[in-house]
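What follows is a set of notes on a single structure, which appears directly below.
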Amino acid sequence: FEYLLDESIYDSLKPAKQKTYHGILKRTEKLFYVCCTRSKKNLLVYCPSPTDNMIAGAQQLFGVENVYPINEDSHEQ
C-alpha cells in the first residue's frame with residue numbers, strides 16, 4: 001500500500017528502487033483497480049500498519065468519512 005497511498009515514498013527509496021518506482025506504481029494501481037471493481041456491494045481495504053502518509057492517501061482516495069482506524073478497542077463499536 002505504500003506505493004499506492006504514500007506520495008512521499010519516492011524520496012525515501014534507494015536509487016535502484018527509484019528507477020523502477022513508476023513501473024511498480026503502475027502495476028500496483030492496475031491490480032488495486034481490479035480488486036476494487038470486483039466488489040459487488042461493499043468494499044473493505046485493510047492495511048495492518050499504515051503510516052500517517054498512507055492514511056492521508058487513503059482519505060484522499062476514498063474520502064475522509066470512509067477511512068476508519070481499527071485497533072484492539074474497535075471491536076466494541
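Every test in (1) of a type outside the set (Gly, Ala, Ser); (2) modelled with pLDDT of 95 or more; (3) open to solvent by less than 90 Å² (accessible area, probe 1.4 Å) is passed by VAL34 save one, and that test is (2).
Just one of the numbered conditions (1) open to solvent by less than 90 Å² (accessible area, probe 1.4 Å); (2) modelled with pLDDT of 90 or more; (3) not small (Gly, Ala, Ser) is not true of GLU2: (2). Pairs linking a residue in segment 15-41 that is over 19 Å from LEU61 (Cα atoms) and in contact (Cβ under 8 Å) with a residue 12 or more places away in the chain to a residue that is of a type in the set (A, V, I, L, M, F, W, C) and surrounded by 10 or more Cβ atoms within 10 Å (Cβ to Cβ), with Cβ atoms under 7 Å and 6 or more positions apart or on different chains, are TYR21/LEU13. Within segment 43-61, the set of residues being over 14 Å from PHE32 (Cα atoms) and open to solvent by 80 Å² or more (accessible area, probe 1.4 Å) comprises PRO48, SER49, ASP52, GLN60. Taking the criterion of being outside any helix (DSSP H, G or I), closer than 28 Å to ASN71 by Cα and among the hydrophobic types (A, V, I, L, M, F, W, C), the residues of segment 11-57 that qualify are LEU43, LEU44, VAL45, CYS47.
The values are calculated or read from the model by the stated rules, or taken from the named source; none is laboratory data. Quantities reported herein were computed from a predicted structural model and do not represent experimental measurements. Quick reminder, even Gly has a Cβ in these numbers, built from the backbone with ideal geometry, and neighbours come from all protein chains shown. When the accessible area is computed, the model is the full protein with side chains, heavy atoms only, and any ligands, DNA or RNA have been set aside. Shrake-Rupley method; radii C 1.70, N 1.55, O 1.52, S 1.80 Å.
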